[in-house]
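The values are calculated or read from the model by the stated rules, or taken from the named source; none is laboratory data. Computed from a prediction, not measured in an experiment: that's the story for all the values here. All Cβ positions, glycine included, derive from the backbone under ideal geometry; neighbour counts span all protein chains shown.
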């Protein structure tokens, strides 16, 4: 399968309380990282902000899975589906 044919990864992974996920949202000019942190399911997260060195240490301590751009896009589409009834709708 070529890259253009690649699908977004499935979000239907089994819930695993031992697995941690991070999704970097932004690296700010002031050196802080905005990110989402999840335990067990990347669809259920909290938003956090830390200095970049602290963020890296946090990810290492929790052995966090860093979500790819494709996984992040799949999460965004899922959120839109729940918010607006169909994926991709903005209003």
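Search segment 10-36 for residues being in contact (Cβ under 8 Å) with a residue 40 or more places away in the chain and part of a strand (DSSP E or B), and hand back the single one that is surrounded by the fewest Cβ atoms within 10 Å (Cβ to Cβ).
Per the criteria, the residue is 24.
Table: residues versus (1) within 19 Å of residue 26 (Cα to Cα); (2) in a strand (DSSP E or B); (3) modelled with pLDDT under 85.
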residue	(1), (2), (3)
38	yes, yes, no
41	no, no, no
47	yes, yes, no
57	yes, no, no
81	no, no, yes
86	no, no, yes
90	no, no, yes
